[in-house]
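The structure under discussion appears below in the form of structure tokens.
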Amino acid sequence: MLRKKVKKKPIAEINVVPYIDVMLVLLIVFMITAPLLMQGVKVELPAAPSAPLDDKQEEPLIVSVDANGLYYLNLGGDEKKAKPIKDITDTVSKILRQKPQTQVLVWGDQKVDYGIVVAMMTALQSAGAKSVGLVTEPPEL
């Protein structure tokens, strides 16, 4: 008895079920890790209307307060030169008049007195900042 050879057509379909499984696992991983990557904490001032922090391409203004209570502004070539609070508020108000959507962030040393950071935040509010964010380091695991 002779058997006839039956020619089978090649299947031109791709099984996408494994790809969907991998995609769902990656989605879960990213949903869990995304909140952990947040480094800035938004602080709403009591007397100021608040708005959510937007992810923008513009560089924010950063005011730093070191452990000795000295203020620094990350603008221009003299970023490492301490400035009085009056000079910083004048500069910030000029910048905010030209670009009102600029974010203002405060880097405060953990050893500095809380009142010094609050004084800077109040001065920034009076200079025209709608909200001021505090920058923190991510926790060490």
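Collect residues whose amide H, placed 1.01 Å from N in the peptide plane, falls under 5 Å from the amide H of residue 132; neighbours closer than 5 in sequence don't count.
43, 45
If you take the beta carbon distance between residue 19 and residue 58 as r and set R0 to 41 Å, what does 1/(1 + (r/R0)^6) give as a FRET efficiency, to the nearest 0.05? Please report the intermediate quantities before stating the final value.
Working: r = 38 Å, r/R0 = 0.93.
Working from the Cβ atoms, E equals 0.60.
Provide the FRET efficiency to the nearest 0.05 for the residue 135-residue 29 pair, computing r from the beta carbons and using R0 = 30 Å. Mind showing how you got there, number by number?
Numbers: r = 26 Å, r/R0 = 0.88.
Using R0 = 30 Å, I get an efficiency of 0.70.
Tabulate in residue order the Karplus-calculated ³J(HN,Hα) for segment 92-100, using 6.51 cos²θ - 1.76 cosθ + 1.60 with θ = phi - 60°, rounded to whole Hz; enter x for Gly and Pro.
5, 5, 5, 5, 5, 5, 7, 10, x
Between residue 90 and residue 3, with labels modelled 7 Å along Cα→Cβ, what's the label distance in nm to one decimal, could you check?
Result for the modelled spin labels: 9.7 nm.
Values in this text are rule-based calculations from the coordinates and carry no lab data. Small disclaimer: the values here were computed from a predicted structure and weren't measured. No Cβ is skipped: glycine too gets one built from the backbone with ideal geometry, and neighbour counts run over all protein chains shown.
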